[in-house]
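K.L.:
Below you will find the structure I want to go over with you.
The values are calculated or read from the model by the stated rules, or taken from the named source; none is laboratory data. Note that the structure is a prediction, hence the values are computed from the model and not measured. Because the Cβ atoms are built from the backbone with ideal geometry, glycine has one as well, and the counts that use them run over all protein chains shown. All accessible areas refer to the heavy atoms of the entire protein, side chains included, with ligands and DNA or RNA removed. Shrake-Rupley method; radii C 1.70, N 1.55, O 1.52, S 1.80 Å.
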Amino acid sequence: MDGDDVISPSWQGIVTAISSDILGQYIENGKRIVQVDGVWRIAAVTEKPFYRPLGEGDSGDDVQMLNEYLNALGYSAGGSNTWSRWTADGIKALGKEIGVKDANVMDPSWFVWIPRDDFVPAVINAEVGAPAPAQTDPLMKTAPVPTRASVQLKDTSSAIAQDVAWNIDVNGLQIPFTGDAANAVANAPSVLRSLPRQEAPFSATIRRASVIEGVQVPASSLLSGEGGYCILTSDADGLNPSSWRKTRVTVLGGELGMSIIAPAEPLGPFAVANPFEISGAPRDC
């Protein structure tokens, strides 16, 4: 359950402020992290770190990455790999935003490189009034990331085991997930990274991403078989066994002797409520 580190860039100076709303939150491009000598150092969630000053006449992959970064922040810098007047305008505006007056060159020390877009810091190793963290020292650290989880479901109906899209709600955090919610959720890396960083039980709610309509029927009407569940329905005379047909259903849940089902096809107006009590009625699907 080791956490991940974000490394300090090459800074010199005194920490003059620390953002108050970064711990426990996803870090996005442009997010203020710390202020050193009155200049805010901001997050860069980019493919690789900025490593050199960039200005007029420069070109290359890092210039294109800078233009894309400026675009993401709302500064229209184009998408080329060369420094342009739009790049210069963006850098001047960004510099003003973080506390650099009349900036005409991008300084890589403005940025804190965030290696992935789901980074959530739990600790920041900086203190107002102290020297800025040294280069390569850990600046921020995540809480340990769970490597496994066990799931105990209150609802063990067959609907939970469907390989469909789900939303997992953990204390208000919505985690999208596609798969068998009964088994695979505990082993999905994307879900594990989003779970509470704690070695203790917690509650979560699993809901289908798309709403499906259900029909409430007596639990006694369900027949089971190797292929799942079905009920006996009829389009005509519900009392006439010759008119009965088996309709496949998915059990969504239920309580107090009733089940909520989703039929695979439209149901007839009649359903057999107690097939096990009727002589000659089918006993399985």
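K.L.:
Using the Cβ atoms and a cut-off under 9 Å, what net charge is assigned to the surroundings of Ala77, where Lys and Arg are +1 and Asp and Glu are -1?
P.N.:
-2
K.L.:
Taking 0.36 nm per residue of separation and subtracting the Cα-Cα distance, what length does fully extending Val128 through Val164 add?
P.N.:
8.1 nm
K.L.:
Could you tell me what % of all Cα pairs in segment 8-48 have separations over 14 Å?
P.N.:
49
K.L.:
Now a separate question. In segment 1-112, carbon and sulfur make up what percent of the accessible area (probe 1.4 Å)?
P.N.:
Carbon plus sulfur share of accessible area: 44 percent.
K.L.:
Taking 0.36 nm per residue of separation and subtracting the Cα-Cα distance, what length does fully extending Glu255 through Glu97 add?
P.N.:
Computed gain between Glu255 and Glu97 is 51.1 nm.
K.L.:
Considering only protein heavy atoms, what per residue accessible area in square angstrom results for segment 65-122 with a 1.4 angstrom probe?
P.N.:
48
K.L.:
Excluding residues on the same chain fewer than 8 positions from Lys92, give the lysines whose Cα lies under 29 Å from its Cα.
P.N.:
Counting by Cα, and skipping residues close in sequence, Lys92 has these lysines nearby: Lys31, Lys48, Lys101.
K.L.:
Using the Karplus curve 6.51 cos²θ - 1.76 cosθ + 1.60 with θ = phi - 60°, work out ³J(HN,Hα) for each residue of segment 216-232 in order, rounded to whole Hz, and write x for Gly and Pro.
P.N.:
The phi angles translate into 8, 9, x, 4, 5, 7, 7, 10, 10, x, 4, x, x, 10, 8, 10, 8 Hz.
K.L.:
Rank by packing, highest mean first: peptides 56-62, 210-216, with packing defined as the count of other Cβ atoms within 10 Å averaged across residues.
P.N.:
Ranked by mean Cβ neighbours within 10 Å, highest first: 56-62, 210-216.
K.L.:
What is the percent carbon and sulfur in the accessible area of segment 214-285, measuring with a 1.4 Å probe over the protein chains and ignoring ligands?
P.N.:
53
K.L.:
Could you work out the local net charge near Ser19, counting Lys and Arg as +1, Asp and Glu as -1, over the other residues with Cβ closer than 13 Å to its Cβ?
P.N.:
+1
K.L.:
A further question follows. What FRET efficiency, computed as 1/(1 + (r/R0)^6) with R0 = 25 Å and r the Cβ-Cβ distance, is obtained for Arg116 and Leu23, rounded to the nearest 0.05?
P.N.:
Between Arg116 and Leu23 the formula returns 0.90.
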